[in-house]
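Participant: Before I ask anything, here is the structure I am working with.
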Amino acid sequence: MKEKISRSTIKKIIASVLFVVFGIGLLGIASFCFTPERFHTDSVKDVKPYGVLAEPENTLDAVIFGDSEAFSAFSPVQMWQEHGFTSYVCSSASQYISLTESFVRQTLEHQKPKVIFLETNAIYRKMNTDNPTLAEAEKIFPVFQYHNLWKNLDPAGINENEDDYCWQDDLKGFKYIDIINPSRNPDYMKKTKAVKKVPGSNLTHVTNIYNLCKESGVELVLVSAPSTINWNYAKHNMMVKLSKQLGVKYIDLNVEKLGLNWNHDTCDRGDHVNYFGATKVSKFFGDYAAKTFSLPDRRKDSAYSDWNALKEKYDDVTARSKTK
Amino acid sequence: MKITSYISVAYLAIFLPASILLYTIVPKKARPFVLLTASFVFFWFISEFLIVYLLISILSIYLLALCLDKLKKQRSAALAAAASKEEKKAIKSKNGSKQLAVVIVGVLINIGILAVLKYSPFLFTNINLFFRLTHSKLAVEVPNFLAPIGISFYSLQAVSYIHDVYKEKIQADKNIARVALFMSFFPILMEGPICRYSDTAEALYSGERLHYRNLTFGAQRLAFGAFKKIVIADRLNIIVTTIFKDYEAYDFDGGLILLGAILYTIELYMEFSGTIDVVIGSGEMFGVTIPENFRQPFFSKSITEFWQRWHITLGTWFRDYIFYPVTMSKPMKKLTKNARKKLGRDYGPMPASIIAFFCVWLCNGLWHGAGWEYIFFGMYHFVLISLGSLILPLSNTVLGKLKIDRNKWPYKVFCIVRTALLVCIGEMIFNSRGIKDSLRMLRIMFTQFSFKSLFDGSILSIGLDAYDIIILFVAIAIVFVVGIIKEKGKSPRQLIAAKPIFVRWPIYIGLVVFVVVFGAYGAGYLPIDPIYASF
């Protein structure tokens, strides 16, 4: 009887181990299939930030990282048209600062921009144990990071050269939104001496990003996009303090005179700026970036003719705004 | 470590496996203490120092139950020694009053903490509103308390324990560790279900060893819960958030608002029942049977039946601790007696029932949140259920005259669809940003109803693409089929377990891979917090 029980136990242990091995094997196969290098398609809607990885090597003068505040506010194509420098907004909705760090690391493997802008809203996003744990799991099984590419699992669309990322975003990471939904608190930047602390281990990730930039000889700049819901003076004070600690520049677009009309220039009551607000933000920010960091004007450089060709596509996408 | 949901890497990959491992390696006597320690640590992870409120609740019900036990023994001894009937009556009355006072103290402590932490800001805001409306210069400061996650669940468990000891349904427990474990078992802390002492306390404290079958069956339920939450609820959240937040900016018509209401109801069901699957699966792994909280609610043929299948443990709590005590109270009995004389047998008990329903649905609305929209949500169901009771005799007569058979499938389908639509409208009120917003959405739904935006492609411009919609259809169909199997009284897990390994394993592994690949997580998706944990 005793022998029978132990045999059955061994059988169960073997079954469990085999089950786990099969599961891990399948995750491995899925990870092999789901990597952004394998796709060249223009319909990867949810993975705009990965487009930065497909930009030709060392062609970006500036890269902006952050969450939805970044992709709503900064339009690289507009800044190209007005100043002639190349940039990309590598951001996704509710991006955690741990993911931003991962994107900065991957971007710097292919690009050597003059400046990297870190939009500060993501710095305040509270993380739980899942974020760093998932980030570690993503390193072993990339399927956790790139799983959403299943939408483009078309054998004809699979890239033969596994090392090259192919999908490029025509808006360079910017998200066009023309909805108008007025803000209810346009006077949100009320001066205070209060300082809003950054939660948990987020500062460690900011320091890691700073170190990554330093190692690559890239200047890091903190930038706060306008938001009547997400931003306030206490956060501004903290970012001033943080920028001094790190020895980096900080520009808060919430206190600059951009000419924003919060009754018209926001799509969600002040949470994000819409296309109309983004146009004003990008005009001001483009001026600031071009002058402060002496970013080159490449509009006449034939090597960057692709960027000139983007104008037509950009106009097509933004044409709807003219009716509003 | 911070745990924000049961369906998270922190819980599923770290906390639960670590607890199982510890539970396995310690001797039988120490196992309940492993569970208790894990539960307190878990509570610390979700609410930190607010654990003090949980400890107050545990200590209060433990001591008050012992006090009740002592009073009951004193009564028995005094009754045995009493000589006359009058003397016995006096002892019963005096002792009964003392026992009632103990119960009231228990309710006041536990519901009092809940009321102060959760409802005082709402109360004070409304007092200020009243002052403003009456042009008074008076104003009170609105407090801003931090309430521990899950307080609405464990407070009701505390009241049920005291009440059940008082009613002699259970004995007062002399072991404080067992009472503490009943109150704080980590899988039920955040989102329930609301357990009774007689359901779980013994099994939790027994320290039974882990069984292979329990572990595998529990893990299967965990995976299915994660499937519902990550693949369906988190994906639906994108479109639901847009519809509820920006319906005015997008200028949606009534058809899309109704779709938003239906999709939110599905999201809520998938999120809450998915979490409950993880909760019950976790309990199953330790050999503890946690009561079911859902029984295919969308197969309900009436609102009353819906609430017997949705959040079952909350419904039964309100039934046992509010509905019955109100209907069985002396004034209500008197009311029923008088009403029977005037209204007859059919309608006689209705006034008392309607008053009790009103109390239940007011509490139900308030339990879900401190806001007028929640009270409106409760009153909506109160009106539907009361109307249902009032028109039942009339509808029976009409159906009889029209020769419509209630037991035939066309009528059943009609009832199921009608109930589901009424539930969706209720959930729309529930998810709105306030009472004004819910009324505005209802107005658009009924006055600007059109199917235009459902078919003109607008639906694909608010967050989900055609691929997402296909995945949603497939995933909801899987949940629907599982529901049908359960509705027929069969267990899908047992049916699969009976299949050969080359059928079983692809199903299990396929489910996990499905969640990993088609789950709505990572870049581009907004992670949603557990909806019911905030109640």
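The values are calculated or read from the model by the stated rules, or taken from the named source; none is laboratory data. Computed from a prediction, not measured in an experiment: that's the story for all the values here. Heads up, the Cβs are rebuilt from the backbone with ideal geometry, glycines too, and the neighbour counts pull from every protein chain shown. Areas reflect the complete protein model, heavy atoms only, side chains present, ligands, DNA and RNA absent. Shrake-Rupley method; radii C 1.70, N 1.55, O 1.52, S 1.80 Å.
Participant: If you wrap the stretch B:170-217's Cα atoms in a convex hull and average its projection over all directions, what's the area in nm²? List each step's numbers first, then the result.
Facilitator: Values: hull surface 16.1 nm².
It is 4.0 nm².
Participant: Right, something else. Between the alpha-carbon centers of the stretch B:190-241 and the stretch B:270-321, tell me the distance in whole angstrom.
Facilitator: So the separation of the two Cα centres works out to 11 Å.
Participant: Next question. Could you look at the stretch B:284-346 and say what percent of its accessible area is carbon and sulfur, using a 1.4 Å probe and all protein chains? Numbers along the way, then the final one.
Facilitator: Numbers: 1990 of 3460 Å².
Carbon and sulfur together cover 57 percent of it.
Participant: Give me the Kirkwood hydrodynamic radius of the stretch A:192-324, using the inverse of the mean 1/r over all pairs of distinct Cα atoms, in Å to one decimal.
Facilitator: On the way: mean 1/r = 0.0574 Å⁻¹.
One decimal place: 17.4 Å for the Kirkwood radius.
Participant: Compute the accessible area of each residue in the stretch B:8-23 twice, once for its chain alone and once with every protein chain present, using a 1.4 Å probe on heavy atoms, and list those whose area falls by at least 30 Å².
Facilitator: Residues losing area: B:Val9.
Participant: How many Å² of accessible area per residue for the stretch B:9-207, probe 1.4 Å? Walk me through the numbers on the way to the answer.
Facilitator: On the way: 9770 Å² over 199 residues.
Value returned for the stretch B:9-207: 49 Å² of accessible area per residue.
Participant: Okay, next question. Which value at 222 nm does the protein assembly as shown reach when only helices count, each DSSP H run of 4 or more adding -39,500 (n - 2.57), with the total divided by all residues and rounded to the nearest 500 deg cm²/dmol? Please report the intermediate quantities before stating the final value.
Facilitator: Numbers: 33 runs with 504 residues, N = 859.
After summing the helix terms and dividing by residue count, I get -19500 deg cm²/dmol.
Participant: With all protein chains present, how much of the accessible area of chain A (probe radius 1.4 Å) comes from carbon and sulfur, to the nearest whole percent? Display every interim value, and only then the final one.
Facilitator: Details: 8250 of 15050 Å².
After summing per-atom areas, the C and S share lands at 55 percent.
Participant: Also: For the stretch B:109-154, take every pair of Cα atoms, bin their distances at 5 Å starting from 0, and report each bin as a whole percent.
Facilitator: 5, 22, 24, 17, 13, 10, 6, 3, 0
Participant: Could you state the angle between the C-alpha long axis of helix A:233-246 and the longest principal axis of the C-alpha atoms of chain A, as a value from 0 to 90 degrees rounded to the nearest 10?
Facilitator: The two axes meet at around 70 degrees.
Participant: Oh, and also: Please name which of B:Ser84, B:Leu54, B:Leu22 has its Cα lying farthest along the dipole of the stretch B:9-207 towards the positive end, using unit charges on Cβ (Lys, Arg +1; Asp, Glu -1) and the Cα centre as origin.
Facilitator: Among B:Ser84, B:Leu54, B:Leu22, the one farthest towards the positive end of the dipole of the stretch B:9-207 is B:Ser84.
Participant: Rounded to the nearest 20 debye, what is the charge dipole size of chain A about its Cα centre when +1 sits on each Lys and Arg Cβ and -1 on each Asp and Glu Cβ?
Facilitator: Working: 41 positive and 39 negative charges, 322 e Å.
The dipole of chain A has a size of about 1540 debye.
Participant: OK, next. Could you work out the mean count of beta carbons from other protein chains within 10 Å of each residue's beta carbon in B:510-522?
Facilitator: Values: counts 1, 0, 3, 7, 0, 1, 10, 13, 4, 3, 3, 5, 11.
For this peptide, the per-residue mean of nearby foreign Cβ atoms is 5.
Participant: Just to confirm my numbers, what's the Cα centroid distance between the stretch B:1-69 and the stretch B:498-512 in Å?
Facilitator: 33
Participant: Would you mind telling me the share, in percent, of accessible area of the stretch B:105-258 contributed by carbon and sulfur at probe 1.4 angstrom?
Facilitator: Carbon and sulfur: 62 percent of the exposed surface of the stretch B:105-258.
Participant: Calculate the mean, over all residues of peptide B:333-344, of how many other protein chain Cβ atoms lie within 10 angstrom of the residue's Cβ. Provide the component values of the computation, followed by the final result.
Facilitator: Values: counts 0, 0, 0, 0, 0, 0, 0, 0, 0, 0, 0, 0.
Per residue, the number of nearby Cβ atoms from other chains is 0 on average.
Participant: While we're here: Starting from the Cα coordinates of chain A, work out the convex hull volume and express it per residue in Å³. Write out the running numbers ahead of the final one.
Facilitator: On the way: hull volume 59.4 nm³, N = 324.
Considering the Cα atoms of chain A, their hull volume per residue is 183 Å³.
Participant: Per residue, how much accessible area does the stretch B:245-291 have with a 1.4 Å probe, in Å²? If you can, show how the numbers build up before the last one.
Facilitator: Numbers: 980 Å² over 47 residues.
That works out to 21 Å² for each residue.
Participant: How much area per residue is accessible in the stretch B:300-426 when the probe is 1.4 Å and only protein heavy atoms are counted (Å²)?
Facilitator: Values: 6910 Å² over 127 residues.
Value returned for the stretch B:300-426: 54 Å² of accessible area per residue.
Participant: Here's a follow-up. Setting aside same-chain residues fewer than 8 positions from B:Lys167, which lysines have a Cα under 18 Å from its Cα?
Facilitator: Answer for B:Lys167, where 18 Å is the Cα cut-off: B:Lys70, B:Lys72, B:Lys73, B:Lys92, B:Lys94, B:Lys98, B:Lys330, listed by chain and number.
Participant: Kirkwood Rh, Cα Rg: Rg to Rh for chain B? Write out the running numbers ahead of the final one.
Facilitator: Details: Rg = 25.4 Å, Rh = 25.8 Å.
Radius of gyration relative to Kirkwood radius: 0.98.
Participant: Which ³J(HN,Hα) values in Hz, rounded to whole numbers, follow from the phi angles of the stretch B:4-14 under the Karplus curve 6.51 cos²θ - 1.76 cosθ + 1.60, where θ = phi - 60° and Gly and Pro get x?
Facilitator: Coupling constants for the stretch B:4-14: 10, 7, 6, 8, 8, 4, 4, 7, 6, 9, 10 Hz.
Participant: Also: What Kirkwood Rh does the protein assembly as shown have if only Cα atoms enter the pairwise 1/r average? Answer in Å. Provide the component values of the computation, followed by the final result.
Facilitator: On the way: mean 1/r = 0.0328 Å⁻¹.
After inverting the pairwise mean of 1/r, the radius is 30.5 Å.
Participant: To test your reading of the geometry: what angle, between 0 and 90 degrees and rounded to tens, separates the Cα axis of helix A:2-33 from the longest principal axis of chain A?
Facilitator: 30
Participant: A further question on this structure: Which value, in debye to the nearest 20, describes the size of the charge dipole of chain B about its Cα centre when Lys and Arg Cβ atoms bear +1, Asp and Glu Cβ atoms bear -1, and nothing else is charged?
Facilitator: On the way: 58 positive and 34 negative charges, 565 e Å.
Computed charge dipole of chain B: roughly 2720 debye.
Participant: Wrap a convex hull around the Cα atoms of the stretch B:300-426, take a quarter of its surface area, and give that in square nanometres. Could you put the intermediate results ahead of the total?
Facilitator: Numbers: hull surface 34.9 nm².
Averaged projected area of the stretch B:300-426's Cα convex hull equals 8.7 nm².
Participant: Okay, moving on. With a Förster radius of 45 Å, plug the Cβ-Cβ distance of B:Val52 and A:Asn261 into 1/(1 + (r/R0)^6) and report the FRET value to the nearest 0.05. Present the calculation step by step, with values, prior to reporting the outcome.
Facilitator: Values: r = 49 Å, r/R0 = 1.08.
FRET efficiency, B:Val52 to A:Asn261: 0.40.
Participant: How big is the gap, in Å, between the Cα center of the stretch A:213-271 and the Cα center of the stretch B:328-402?
Facilitator: About 56 Å separates the Cα centre of the stretch A:213-271 from the one of the stretch B:328-402.
Participant: Run the dipole for the protein assembly as shown about the Cα centre, Lys and Arg Cβ at +1, Asp and Glu Cβ at -1, nothing else charged, and hand back the magnitude in debye, nearest 20.
Facilitator: Its charge dipole is roughly 5320 debye.
Participant: Regarding the stretch B:9-207, what is the average projected area of its C-alpha convex hull, in nm²?
Facilitator: Values: hull surface 63.4 nm².
One quarter of the hull surface, i.e. the mean projection, equals 15.9 nm².
Participant: What's the buried accessible area, both sides, between B and A using a 1.4 Å probe, rounded to 100 Å²? Let's see the in-between values first.
Facilitator: On the way: alone 26690 and 16610 Å², together 40200 Å².
Chains B and A together bury approximately 3100 Å².
Participant: Any chance you could give the angle, 0 to 90 degrees and rounded to 10, that helix A:305-318 forms with the longest Cα principal axis of chain A?
Facilitator: 90
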